[in-house]
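The values are calculated or read from the model by the stated rules, or taken from the named source; none is laboratory data. Keep in mind that what you see is a predicted model, and the values were worked out from it rather than measured. Cβ placement follows ideal geometry from the backbone for every residue including glycine, while neighbour counts extend to all protein chains displayed. Heads up: the accessible areas ignore ligands, DNA and RNA and are worked out on the full protein's heavy atoms, side chains in. Shrake-Rupley method; radii C 1.70, N 1.55, O 1.52, S 1.80 Å.
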Amino acid sequence: MLIFLIILLCIIISSARFQKPKTFNGDYMAPAHTDIIKGIFIFLVFLSHSAQYINLHGTLDSTYLDFRIHLGQLVVVMFFFYSGYGMMESMEKKGPSYITGLFKNRFLPTLLNFDIAVVIFLIVNHFIKYHAKTYELLLSFTAYTSVKNSNWYMFEIFVAYLLFIVSFIFFRNKGKMFRQVTGTTIFTILVFVFVLVQRHVNRPPYCYNTVLMMALGCWYSVLKERIEKLIKRNDAVYMILIFCAVLGYCFTYSLHSTSIIVFTARSCFFAAIIILGTLKIKLDSNFLGFLGKHLFPIYILQRIPMNILEYFYVNEDEKYLFVIISFIATLALIAPFERLCAICKKHIIPS
């Protein structure tokens, strides 16, 4: 698996453009650039999911496994962060109509697309002789349970969308600063309560320990001008800040704590390192941009070829072939899946 990690690293290095001293990447939060960052992490998610199907006992595999264990749930931190930031920015650009239309224009289409994928998984499961329990099947359409598909991340997203609407709906016509600060504060509190509830019902930690990063993305949107003013003061300040972020990350990691507070702090430092890094390093990769732009179908569809190949024992005999075929098949599924989703949305969700 290390070879795939090296390939990704080569793509990143070859596409990196370092900014000159005293200059910064003005497009670091532009959708085209954040898509590239998301492309990096969705590829890492793909590798991580692949590793669940194959035996990794080689010398090179151990290096990848160490990296995978170290990164853990941090692999989805920037997905949540960029999502929160994007919703805040959209709300400010589109005004009150964005909040009132969020349920219909974002929540329902995303849920519909996810449920279409669940139906596809159920069809595949029939042929590979996998039968879910009735309650698992029913709850899978909410993303709370799995039918051999990836689900927990989407459940967090669905709930976060609803909490975002609740947090801002009553303040949508208020002044900008009051709306932003009050709404984001309420959203942060509600997400934290959501985390505590999931912990109370004994959901696995990976199901809830990164969703607070969506609130962090919202706060970054609110405070962006002030933060950028500090960061861009000069390169010395920039280096001090990135040193503090790396130091904070290393310290929280060294604690080896299972505390949600400690892990959230570590996630914040990780996000800070990525943001500070993209301020000085601009990436230009069509391949990674494509992956990031199609993050949802890649995330949700990748287990279809993996499950099929596992059924035919390809994962046991040819692990590299398993990864390559799974990746190519996932990419091939994107266009027909998105076309199917568009047709269903046209007939199910009124304009």
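Treating each Cα of region 224-351 as one equal point scatterer and applying the Debye formula with no solvent, the log10 of I(q)/I(0) at q = 0.11, 0.14 Å⁻¹ comes out as -0.73, -0.94. By the compact-protein rule of thumb, 2.2 N^0.38 Å, the alpha-carbon radius of gyration of region 40-199 corresponds to a ratio of 1.25. Counting pairwise Cα distances across the chain, what percent come out greater than 32 angstrom? Roughly 33 percent, rounded to a whole number. Across the chain, the relative contact order, built from alpha-carbon pairs under 8 Å that are at least six residues apart, equals 33 percent.
Annotation: per residue accessible area for region 1-157 equals 46 Å², rounded to a whole number [probe 1.4 Å, protein chains only].
The convex hull built on the alpha-carbon positions of region 197-248 has an orientation-averaged projected area of 4.9 nm². With the simple spin-label model, which puts each label point 7 Å out from Cα in the Cβ direction, the I69 to F312 separation comes to 3.4 nm.
For a protection proxy built on the mean count of beta-carbon atoms within 10 angstrom, sort 296-305, 237-246, 127-136, 258-267 highest first, please.
296-305, 258-267, 237-246, 127-136
A Cα-only calculation for region 165-308 places Rg and Dmax at 18.2, 54 Å. For the chain, adding -39500 (n - 2.57) for each run of n ≥ 4 DSSP H residues and dividing by the number of residues yields -24500 deg cm²/dmol at 222 nm.
Viscosity 1.306 mPa s, temperature 10 °C: Stokes-Einstein D of region 246-289 from its Kirkwood Cα radius, in µm² per second?
135
Each principal axis of region 108-196 carries a Cα extent, and these read 56, 27, 16 Å when sorted largest first. For H200, the solvent-accessible surface computed with a 1.4 Å probe is close to 150 Å², ligands and nucleic acids excluded. Listed values for region 123-128 are Karplus-derived 3J(HN,Hα) couplings in whole Hz (6.51 cos²θ - 1.76 cosθ + 1.60, θ = phi - 60°), namely 5, 5, 4, 4, 7, 9, and x replaces Gly and Pro. Share of carbon and sulfur in the accessible area of the chain stands at 68%, probe radius 1.4 Å. If the chain between F170 and F243 were fully stretched, how many nm would it gain, using 0.36 nm times the residue separation less the Cα-Cα distance? Answer, rounded to one decimal: 22.2 nm. May I ask for log10 I(q)/I(0) of region 1-128 at q = 0.15, 0.22 Å⁻¹, from a Debye sum over the Cα atoms as equal point scatterers with solvent left out? With one equal scatterer per Cα and no solvent, log10 I(q)/I(0) is -1.01, -1.28.
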